[in-house]
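**Student:** There's a structure below that I have some questions on.
The values are calculated or read from the model by the stated rules, or taken from the named source; none is laboratory data. This structure is a prediction, so every number in the text was calculated from the model and none was measured. Cβ sites come from the backbone with ideal geometry, for glycine too, and all protein chains shown count toward neighbours.
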Amino acid sequence: MAPGLRGGARLIPAGRFAPSPTGTLHLGNLRTALLAWLYARAQDAPFLVRIEDLDTGRVRERFEREQLDDLAAIGLDWDGEPVRQSARLDLYADALATLEAAGLVYPCWCTRAEIREASSAPHGPLPEGHYPGTCRRLTHEERSEREASGRPPALRVAADAAHVAFTDRVHGAQEGVVDDFVVRRNDGAFAYNLAVVVDDGAQAIGEIVRGDDLLDSTPRQLWLAERLSLARPTFAHVPLVLGADGARLAKRHGAVTLADRIEQGETTADVRARLAASVGLCDPAERPSPSELVVRFDPTGFTPPPSGPLPGL
């Protein structure tokens with residue numbers, strides 16, 4: 001019987017890992033994938049892989065193959081075939097049509113420079129860095145002028161600076177203010193926040209485990225899920241792996257991919273153990289199997305250390 005299945009019934013909460021095939025996964029990505037897999041498998045839930053390939057200018061087929069191979073090499077399995085966002089455009093279009101019918105979107109012609117200037121100015125209830133709804137307040141003449149310019153607009157939601165609260169398994173009680181974020185870019189591409197919410201709803205993802213750099217985007221996504229009448233998932237935002245300089249791990253930090261570590265003489269079991277040890281799931285000298293890690297993983301009591309470098313790198 002496949003993991004996450006019992007008597008043919010799919011159990012909730014389903015988990016997922018959703019890489020973008022724009023490069024090779026590094027050890028930070030792999031640790032997040034391992035934790036997402038453990039959260040799902042320790043709850044006897046399905047684990048899905050979704051390929052987030054909407055960034056057509058950077059996506060490469062070889063990276064998708066490499067990423068799936070790396071996940072399998074460290075012992076992660078998944079239920080069903082991976083799905084690709086590029087094959088789900090009709091779903092995003094339907095969701096956008098729902099928002100439009102409800103009067104919840106408006107066109108935005110702001111340039112990047114204008115957005116930076118607007119988001120750094122005082123604007124009431126929104127934190128600095130949030131879009132304050134500049135194009136939402138255009139006069140008829142201002143809007144006509146922008147339409148006549150021929151520059152295609154992005155589409156933003158009208159969120160009214162809504163407050164959204166949620167509880168994260170790792171970070172506890174959270175609350176954020178939702179700005180008028182983009183759901184379709186000015187090049188016509190669907191934005192990340194729209195696509196990921198639609199996908200998680202369509203795939204019945206009950207728990208989202210991802211890096212804590214995305215914690216601030218969660219109020220936006222919960223606000224959007226509610227407007228689309230989608231189930232509200234739970235979240236666990238896990239710490240990032242950092243380089244020795246304190247920045248998020250990247251290729252510039254050296255031998256940070258699975259292939260790099262194998263070239264350095266490590267085995268896939270060594271790498272899996274390094275990732276598990278870095279969040280307290282085993283001792284550095286241990287080499288636990290994936291199934292052994294599932295047995296010892298407690299989703300309700302897991303308290304990882306804060307973001308930091310991987311020991312020994």
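**Student:** From the list Gly15, Gly75, Gly23, exactly one residue is touching a helix residue (DSSP H, G or I) at 6+ places or on another chain (Cβ under 9 Å), assigned by TED's automatic domain parsing to the domain that holds Gly206 and outside any loop (DSSP other than H, G, I, E, B). Which is it?
**Tutor:** It is Gly15.
**Student:** Can you give me the ranges of the helices (runs of 4 or more DSSP H) entirely in segment 195-287 with at least 2 residues that are more than 18 Å from Leu35 (Cβ to Cβ) and among the hydrophobic types (A, V, I, L, M, F, W, C)? Even if it seems obvious, please write down each step before you answer.
**Tutor:** Working: elements: 218-227, 258-263, 268-277.
Here the list reads 218-227, 258-263.
**Student:** Considering each of Gly246, Gly211, Gly308 in turn, give the residue that is in contact with a strand residue (DSSP E or B) (Cβ under 7 Å, 6 or more places away or on another chain), at pLDDT below 95 and either surrounded by fewer than 17 Cβ atoms within 10 Å (Cβ to Cβ) or under 26 Å from Pro46 (Cβ atoms) (or both).
**Tutor:** None of the other options fit; the residue is Gly308.
**Student:** Can you pull out every residue in segment 249-262 that is surrounded by fewer than 15 Cβ atoms within 10 Å (Cβ to Cβ) and free of Cβ contacts under 8 Å to residues at least 24 places away in the same chain?
**Tutor:** Arg252
**Student:** Taking the residues in segment 4-19 that are surrounded by 20 or more Cβ atoms within 10 Å (Cβ to Cβ) and among the small types (Gly, Ala, Ser) as candidates, determine which candidate is modelled with the lowest pLDDT.
**Tutor:** Only one residue tops the list, namely Gly4.
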